[in-house]
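One structure below.
No lab work stands behind these numbers, since they all come straight from the coordinates. The model shown is predicted, which means the values in this text are computed figures rather than measured ones. Heads up, the Cβs are rebuilt from the backbone with ideal geometry, glycines too, and the neighbour counts pull from every protein chain shown.
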Amino acid sequence: MSDRTYAAEVTVGETATVAGWVHEVRDLGGIAFLILRDRTGQLQVKFEKDEMDDDLVEAGTGASRESVVRVTGLVEEEPRAPTGVEVVPETVEVIAEADPELPLDPSGKVDAEIDTRLNNRTLDLRRDEAKAIFEIRAEVLRAVREAFRETDCTEITTPKIVATGTEGGTELFPITYFGEEAFMNQSPQLFKQLIAGSGLERVFEIGPIFRAEEHNTPRHLNEATSIDFEGAFCDAHDAMDVAEAVVSAAYEAVVENCTDQLETLGLDEEIAVPDGDFPRLTYEEAIERVNATGQLDEQLVWGDDLSTEAERALGEDVGEFYFITDWPSEIKPFYIKDHDDEPDVSTGFDLMHPRMELVSGGQREHRYDPLIEGFEQQGLDPEQFAYYTEMFRYGMPPHAGFGLGGERLVMTMLGLENIREAVLFPRDRQRLSP
Ligand code: AMO
């Protein structure tokens, strides 16, 4: 198939072989058009019935929508064609005929429910809008990788089959590992810390995390993509600087390199690159601001987590990306370090988009004894985590890091209503296949 030319790359006056899907056939009587679609766009193929061989006309105009065809013909200028050119076919080959009963309409003229779209993802991704989201997602991941490399990070991958959880015992998917109980990992947390304490010092990982939460919301997945950072000799503010740089780099790259995709999504004027200097509110300031909005039925007090309503009220009030720092120690995990002079206040932070939380992070407890105490305070048996805690006896530097939700980054950037739009094959409570 090496002689194939993309629809957007044909040259007037030359014979081209194009291959793709039958987007539409328009039969006007004496003349008919087949609109062929490939990853670069659409191309008109013209059939003048009186002047062409009947079999050729039949092959081109009789093909059902979404059939795969290969067409060879001369490319001519035609100002009335959607792209200003058309192909006058010499041969038409129907490579794979599509069932005329399509479960959804890839031309996008008929809307489909999200479930129908996800059940038929291959067809759904033939729509320009759905395809654009994943091209943008790929650009986000590329830009994120580059931004981490620019801050001297090494890319790592850590095990997804593990012996213990880190983010709270109720959210684990158990599996059987050679007869032993094991789990799908909720976060690379402990591994990335172990590596920050190794000779690699500054690391990042982009990989799946598994959360057995029984949530069924537009912003939760049971398998998500986590963009993780961990750096030795970093404190929480250093980690926040990295989070700011990574998120800003993703926006910058999409605005610069995805103009067509943004136009397809109607977002070319909408997306502003953040200035990379996000306000840092302490938790105390944040709850005061939420309470001052008057939008909550009950006032927040120290120790309360921020509900979805509280996040929304604060997001509207701040109106841009912002950090919430210095969370109460009691609502942050055991690995987050508390302030030395204020043990009730942690170094934990979240990065918020006005719509929702994107990042959690903090400085880590790197001292052996307080670490063990932290496990015990959270009702965890430190013995089970010996593979982790032992390494803190052999020279663990102060370190900090964060986890950034990849799908939430794409979802909020593109204003998607449902996080499932940002995953090819989402895993949620109802969805284990495809
Ligand atoms: P946390 O559990 O807050 O922190 O996760 C970090 C970020 O990952 C995203 N995220 C999710 N996205 C979709 N569906 C989910 N179920 C889901 N769960 C999490 C969010 C969230 O902000 N170990 C810490 C990170 C760290 O301290 O480095 C952690 O996992 O965007």
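Structure above, values below:
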item: Descending Cα extents along the principal axes, the range 6-83, whole Å; result: 28, 26, 20
item: The chain - Rg over Rh from alpha carbon coordinates, Kirkwood radius; result: 1.08
item: Descending Cα extents along the principal axes, the range 368-434, whole Å; result: 45, 26, 20
item: Pairs of alpha carbons in the range 285-349 whose separation is greater than 20 Å (percent); result: 31 percent
item: Hz values of 3J(HN,Hα) by residue in the range 426-431 - Karplus curve (6.51, -1.76, 1.60), Gly and Pro given as x; result: x, 10, 9, 4, 9, 10
item: Cα-projected label distance for residue 390 with residue 90, points at 7 Å along beta-carbon direction, nm; result: 7.2 nm
item: Note, ³J(HN,Hα) from phi for the range 261-270, Karplus 6.51, -1.76, 1.60, rounded to Hz, x at Gly and Pro; result: 5, 5, 5, 4, 8, x, 10, 4, 9, 8
item: Over 21 Å [Cα-Cα, the range 1-156], rounded percent; result: 53 percent
item: Range of Cα positions in the range 38-124 per principal axis (Å), largest first; result: 45, 27, 19
item: Within the range 1-85, GluC sites (Glu not before Pro) in DSSP loop having at most 10 other beta-carbon neighbours inside 10 Å; result: 14
item: Ratio of the Cα radius of gyration of the range 201-291 to 2.2 N^0.38 Å, where N counts its residues; result: 1.38
item: Per residue convex hull volume, Cα atoms of the range 91-172, in Å³; result: 242 Å³
item: Note, ³J(HN,Hα) from phi for the range 336-345, Karplus 6.51, -1.76, 1.60, rounded to Hz, x at Gly and Pro; result: 7, 7, 8, 5, 4, 8, 9, x, 7, 10
item: Spatially proximal lysines relative to residue 337 (Cα-Cα < 18 Å; intrachain offsets below 8 disregarded); result: 192
item: Alpha-carbon centroids, the range 230-297 and the range 191-229: separation in whole Å; result: 19 Å
item: Unsatisfied cross-links (Cα-Cα over 32 Å) in the set 109/160; 46/131; 49/131; 131/332; result: 109/160; 49/131; 131/332
item: D_trans [Stokes-Einstein, Kirkwood Rh over alpha-carbon pairs] for the range 181-332, 25 °C, 0.890 mPa s, µm² s⁻¹; result: 133 µm²/s
item: With eigenvalues of the C-alpha gyration tensor scaled by 5 and rooted, the range 118-268, Å; result: 29, 24, 12
item: Distance between modelled label sites at residue 154 and residue 2, nm, 7 Å Cα→Cβ extension; result: 4.0 nm
item: Residue 11-residue 215 FRET efficiency (beta carbon distance; Förster radius 60 Å; 0.05 resolution); result: 0.70
item: Lys/Arg +1, Asp/Glu -1 at C-beta; the range 87-138 dipole; positive extreme among 88, 120, 102; result: 120
item: Ratio Rg/Rh, restricted to the range 134-211 and using Cα atoms, in which Rh is the Kirkwood radius; result: 1.05
item: Neighbour cut-off at most 12 other Cβ (10 Å), DSSP loop, GluC sites (Glu not before Pro), the range 387-418; result: 417
item: Kyte-Doolittle mean at least 0.0 and Cα axial length at least 30 Å: DSSP H helices in the chain; result: 236-257
item: 5 angstrom amide H check on residue 365, placed H, neighbours 5+ away; result: 336, 337
item: Structure-based [θ]222 nm, the chain - -39500 (n - 2.57) summed over DSSP H runs of at least 4, per residue, nearest 500; result: -8500 deg cm²/dmol
